[in-house]
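Presented below is the structure to which this report refers.
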Amino acid sequence: MPNTLGLELCDAGFITASCAQGEPALLGIPDRTGATDWPGFVYHEGADYTFGRAAEDMWFVHPRRVAHTFWSKLAHEPSALTVAGKPPSFSELAFFFLREFAQRLAATAGPCEKLVLAVPGAYLKDTATEDEKIGLLLGMADELKLPLAGIVDLGCAALCDPRSPGFNVALPIVVVDVQQEGTDFSLFAVDEQLERQHFLHLPNSGYVPLFKHLTAAMGNRFLRHTAFDILEDGRIEQTFFRQTKNFFLGGAAEHRYQINTATRNYEMLAKQDQLAGDAQAFINTLVQALHSFLDHAAQTPALCTVALTARTSALPGIDARLKAAGFGRQLRLHPGAAACGAARIGFNRLQVPADISEVSVAISVPLSDTRRLAAAACETRLHKARHAGAPPLPTHAIVDGIGHDLAGHGAFTIGGAGSGAHLVLPDSFSHSADASVALVRENGRVWFVEPPGPGTGGAASRIPLGAGDRLALRCGTAAAEILFAHCPSPGSSR
């Protein structure tokens, strides 16, 4: 039976999902050696090409015959390889890779009615880039006779995966995706639709530089432990790299490295803590860049949901490091989330156009495509004001032009009439029993206390309030906005 396929076109590994009955499922597409991970590597020997895992297995053996940047640098520019006396372009290598994958896909999945590509956000970062990279993809799809129905931003598609626990539409959400050559940050906001508003590609922060570093660090330990240098032979270094990558992606507490030579065997037991320590500099750079990205977009870490793709959440200790940096709301996406989301989008509402130039290309989707949390009876959204320095501490909460003194200690409550709250909401909230917000006054500060929710680890969030911050409440048709202000006392110089 013809079905709809979603393809996560990521250089760290192509992932495919099939959607025949409305619910997508991942497909394992075996290459010529039976591997299904399909990293964006190509190896050439003479005029013959090898792709995916088998090419990656030649990376340290014949590094000058291996290329791994052709998807991230998708363009007509020549690559560093030399084949038959001339360098093939990045786009040629990408086409050869996609042709091989498409052939294996057809042999595994059978007839395909529609195909939707989830592409890296860097392909859609601006008009000029989109024209070049999407134009090349459309040309490849046309040449390979692929029934292309749509192209969607990878982070956007990942948030449409029906297997996801869902996200809070009242908050901005940033998708962090570690790929092969770099990391993508995609900030989405929800209004009438889910739309990407800001994007940043962090180069040299992907799996390639990370695994080179981890392999070298573990190799140095191996040398100290066994007096054997893995750099003695490229094939030995390749074997050591493969063990390191499997250790990293497997998440085991420990791994026993084994290197066999003609004369003897060498072994070393490595711990997950060592791997995590080796990856800390990489993770710290990632978190610092995320902070800067959100600051530039005028967003506050505590008020954003961070959605981690499976490639990102594989980083050891990433969740704890994010929490320590103020990112308390985290959502772990499933492996192949973008593939499943793309397949679902295609199944529900896309059709293959008669002209390939009319294929839909999107960085936004209707809310009906997304996997959201069930709407709460009452929604509360805190908007932080932007200040050049530390904001003044709020002294009053103002609603409908009336100020309410925040002085004192303990709790300051906001609620409907009859609730005994310190700040009583307008009459339109009188029938909303859930219209209740708690503030905490402590050591001269006022804190907004948000109940625990998905991705917060079961803990309530406390966010310090400053003058200029706004708290928006909505219960059904009732809506109100509370402004926090600093009112100087009589005789104050401020």
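The values are calculated or read from the model by the stated rules, or taken from the named source; none is laboratory data. From a predicted model like this one, the values you see are computed outputs, not experimental measurements. Every residue, glycine as well, gets a Cβ built from its backbone with ideal geometry; the counts of neighbours run over all protein chains shown. To get the accessible areas, we keep the full protein, side chains included, count just its heavy atoms, and leave off ligands, DNA and RNA. Shrake-Rupley method; radii C 1.70, N 1.55, O 1.52, S 1.80 Å.
See the values below:
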quantity	calculated
Condition met for residue 18 (at pLDDT 95 or above and open to solvent by 30 Å² or more (accessible area, probe 1.4 Å))	no
Verdict on residue 403 being open to solvent by less than 70 Å² (accessible area, probe 1.4 Å) and touching a helix residue (DSSP H, G or I) at 6+ places or on another chain (Cβ under 7 Å)	no
Cross-chain or 6+ apart pairs with Cβ under 7 Å, region 186-197 first and closer than 16 Å to residue 371 by Cβ, then in a strand (DSSP E or B) and open to solvent by 70 Å² or more (accessible area, probe 1.4 Å)	188/195; 188/197
Test: residue 278 is surrounded by 16 or more Cβ atoms within 10 Å (Cβ to Cβ) and within 24 Å of residue 332 (Cα to Cα)	yes
Test: residue in region 327-346 that is out of contact with any Gly (no Cβ under 7 Å at 6 or more places or on another chain), modelled with pLDDT under 95 and hydrophobic (A, V, I, L, M, F, W, C)	yes
Residue in region 213-220 that is open to solvent by 10 Å² or more (accessible area, probe 1.4 Å) and outside any helix (DSSP H, G or I) present	no
Count of region 254-264 residues which are out of contact with any Lys or Arg (no Cβ under 6 Å at 6 or more places or on another chain) and at pLDDT 95 or above	5
Only listed residue being of a type outside the set (S, T, N, Q) and buried (at least 22 other Cβ atoms within 10 Å of the Cβ), chosen from 116, 83	116
Selection within region 56-79 - closer than 18 Å to residue 95 by Cα and either open to solvent by 20 Å² or more (accessible area, probe 1.4 Å) or more than 26 Å from the chain's Cα centre (by Cα) (or both)	65, 66, 68, 69, 72, 73, 76, 77, 78, 79
Cβ pairs under 6 Å, 6+ apart, first in region 32-51 and in contact (Cβ under 8 Å) with a residue 40 or more places away in the chain and crowded, with 16+ Cβ neighbours inside 10 Å, second among the acidic types (Asp, Glu) and not in a strand (DSSP E or B)	39/56; 40/11; 51/100
Subset of region 282-326 (residues that are of a type in the set (Val, Ile, Thr) and either open to solvent by less than 30 Å² (accessible area, probe 1.4 Å) or assigned to a helix (DSSP H, G or I) (or both))	283, 285, 287, 305, 306, 309, 312, 318
Residue check for residue 187: part of a strand (DSSP E or B), in contact with a helix residue (DSSP H, G or I) (Cβ under 9 Å, 6 or more places away or on another chain) and surrounded by 18 or more Cβ atoms within 10 Å (Cβ to Cβ)	yes
Residues of region 251-271 satisfying the condition of being out of contact with any Phe, Trp or Tyr (no Cβ under 8 Å at 6 or more places or on another chain), surrounded by 12 or more Cβ atoms within 10 Å (Cβ to Cβ) and either among the aliphatic types (A, V, I, L, M) or in a helix (DSSP H, G or I) (or both)	252
Breaking point among (1) over 21 Å from residue 65 (Cα atoms); (2) over 14 Å from the mean Cα position of the chain (by Cα); (3) surrounded by fewer than 20 Cβ atoms within 10 Å (Cβ to Cβ), for residue 242	(1)
Filter result (assigned to a loop (DSSP other than H, G, I, E, B) and either more than 22 Å from the chain's Cα centre (by Cα) or closer than 12 Å to residue 341 by Cβ (or both)) within region 1-22	1, 2, 20, 21, 22
Qualifying residue in region 406-421 (condition: of a type in the set (Gly, Ala, Ser), touching a Phe, Trp or Tyr at 6+ places or on another chain (Cβ under 6 Å) and either modelled with pLDDT of 85 or more or in a loop (DSSP other than H, G, I, E, B) (or both))	yes
Meets criteria (modelled with pLDDT of 95 or more and either out of contact with any helix residue (DSSP H, G or I) (no Cβ under 6 Å at 6 or more places or on another chain) or on the phi > 0 side of the Ramachandran plot (or both)) for residue 101	yes
Cross-chain or 6+ apart pairs with Cβ under 9 Å, region 52-65 first and closer than 17 Å to residue 15 by Cα, then aliphatic (A, V, I, L, M) and open to solvent by 60 Å² or more (accessible area, probe 1.4 Å)	none
